[in-house]
Amino acid sequence: MLADNGSPKSADKLAEMTGLEPKLMSRWMKHLYTAGFVSETGPDEYAPNGISTALATRIAGGMTKNCYDFMNHVHARFPEYMKNTGYKNPTDKDASPFKYGMGTDLHYWEWISQPGMEEKLDDFKAHMEFKTLGKKWFQSVDVPQIFDHPTDPSATLMIDIGGSFGHDIIDFHKAFPDMPGKLVLQELPATINTLPSDFPSQDIEAQAYDFFTPQPIKNAKVYYLHMILHDWPDESCRKILSSIIPAMKKGHSKILLNEIVIPDTNASWFSTSVDMLMLLCHSAQERTESDWRKLLGSVGLQISKIWDCEGNPEKIIEVELV
Ligand SMILES: C[S@@+](CC[C@H](N)C(=O)[O-])C[C@H]1O[C@@H](n2cnc3c(N)ncnc32)[C@H](O)[C@@H]1O
């Protein structure tokens, strides 16, 4: 649809360009118009609108495919899953709606990291980039205060644990190129092994690491986890946090959780939509402030501050050893 500067095209023309049978294209385009995805410019003639133009980009298109493509199998079988599990709140990562719907024994991350899933992993990567297109967390908090005005270039400034393909830590480095200290991206080997050769390895170290194993980098200033714990039920979150705690230096190290905090009333559609996605993919959840305090307290951590991030649903939760 975007060819020739998005000029209006007949359904027949679109059929010719894509190989669809013209009658099918005509029926389809009428429906896409009623659903708000395209503009109708005449009888059986259409042009892209803002939505179709955005969906044609790698980032918005990949995000949409990641949420709906194979996940439609999970949505379709969810009522059956609920019936079989007695309509209980799913909290078992080994018996998630995803596993049931996809008919797989693999957890979401194992499934999407398999050989042959490169395109789906790329859609996931696009989804992660999409959700950080707006204002970044470090643009709406007092960064020097959080990092306690660092001065030692040989110390580890921040580790982005489960940082996907590095988009957050790369952007942080661009925003604070002169802040002293090392930056590290930690991720599963399937992701680290596919980092582009131009990954800024001189400035940011990339390390293959499973966050259920002991954190190898001790005394870092900040252990940053962006939308990690929301992928896991409480029991798994306790294991992830417990793998970091022995590496932390009391009075120095912090964990920064960049996570949704669901308010007690008037939650946003974004927060509850992501909550439903976490339920389906991982038997996991978004959390309220009291959920966070309870979870963190159960492993000997405490919240020192929650930064509102100018109303963004994703907050910065500053966490220290008790
Ligand atoms: C929801 S994504 C968040 C990615 C990134 N932090 C962001 O917010 O854009 C969760 C990430 O955790 C990574 N992950 C899952 N299991 C992991 C494990 N056991 N060890 C390390 N990373 C893991 C996934 O590969 C994925 O990139």
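The values are calculated or read from the model by the stated rules, or taken from the named source; none is laboratory data. Predicted model, so just to flag it, every value in this text is computed and none were measured. Using ideal geometry, Cβ is built from the backbone for each residue, glycine included, and neighbour counts are taken over all protein chains shown. Quick note on the areas: whole protein, heavy atoms, side chains included, nothing else; ligands and nucleic acids left out. Shrake-Rupley method; radii C 1.70, N 1.55, O 1.52, S 1.80 Å.
Surface analysis of the range 59-130 yields an accessible area of 54 Å² per residue, using protein heavy atoms and a 1.4 Å probe. Among the listed pairs LYS136/LYS182; LYS65/LYS315; LYS93/LYS249; LYS182/LYS239; LYS174/LYS305, those whose Cα-Cα separation exceeds 29 Å are LYS93/LYS249.
Listed peptides 26-36, 144-154 appear in the order 26-36, 144-154 once ranked by packing, highest mean of other Cβ atoms within 10 Å at the front.
In terms of its C-alpha gyration tensor, the range 112-164 comes out oblate, because a/c is 1.5 or above while a/b does not outweigh b/c. What whole-number volume per residue, in cubic angstrom, does the convex hull of the C-alpha atoms of the range 106-262 give? For the range 106-262, the hull spanned by Cα atoms encloses 129 Å³ per residue. On a 0 to 90° scale, report how tilted helix 234-244 is relative to the longest principal axis of the chain, with both axes built from alpha carbons and the result rounded to the nearest 10. The angle comes out near 50 degrees.
Evaluating 6.51 cos²θ - 1.76 cosθ + 1.60 at θ = phi - 60° for every residue in the range 17-33, the Karplus couplings come out as 6, 10, x, 7, 5, x, 4, 5, 4, 4, 5, 5, 5, 4, 5, 4, 5 Hz, glycine and proline recorded as x. Each Lys or Arg adds one and each Asp or Glu takes one away; over the other residues whose Cβ falls under 11 Å from the Cβ of LYS9, this sums to -4. Residues of the range 290-322 with an amide N closer than 13 Å to a point placed 7 Å from the Cα of ARG238 along the Cα-to-Cβ direction: 294-301. If amide hydrogens are placed 1.01 Å from N in the peptide plane, which non-local residues have theirs closer than 5 Å to the one on VAL261? Under 5 Å from the amide H of VAL261: LYS315. Between the Cα long axis of helix 58-68 and the first principal axis of the chain there is an angle of about 90°, rounded to the nearest 10. Principal-axis analysis of the Cα atoms of the chain puts helix 71-84 at an angle of about 70° to the longest axis. Computed from label points 7 Å out along Cα-Cβ, the spacing between TYR33 and LYS135 is 4.0 nm. Shown for the chain: the carbon plus sulfur share of the solvent-accessible area, taken with all protein chains present and a 1.4 angstrom probe, equals 54%. Here the contact order of the range 59-130, divided by its residue count and restricted to Cα pairs under 8 Å and six or more residues apart, works out to 52 percent. Working note: 222 nm ellipticity from helices only, DSSP H runs with n ≥ 4, each -39,500 (n - 2.57), summed and divided by the residues of the chain, gives -11500 deg cm²/dmol to the nearest 500.
Principal semi-axes of the equivalent ellipsoid, √(5λ) from the alpha carbon gyration tensor of the chain, are 39, 24, 19 Å from largest down.
If R0 is 22 Å, the Cβ-Cβ spacing of LEU188 and LYS218 corresponds to a FRET efficiency of close to 0.55.
Per residue, the accessible area of the range 169-269 comes to 47 Å², computed with a 1.4 Å probe over protein heavy atoms only.
Between the amide H of ALA206 and those of LEU185, distances stay under 5 Å, these residues lying 5 or more places away or on another chain, with hydrogens modeled in the peptide plane. Each Lys or Arg adds one and each Asp or Glu takes one away; over the other residues whose Cβ falls under 13 Å from the Cβ of ASN193, this sums to -2.
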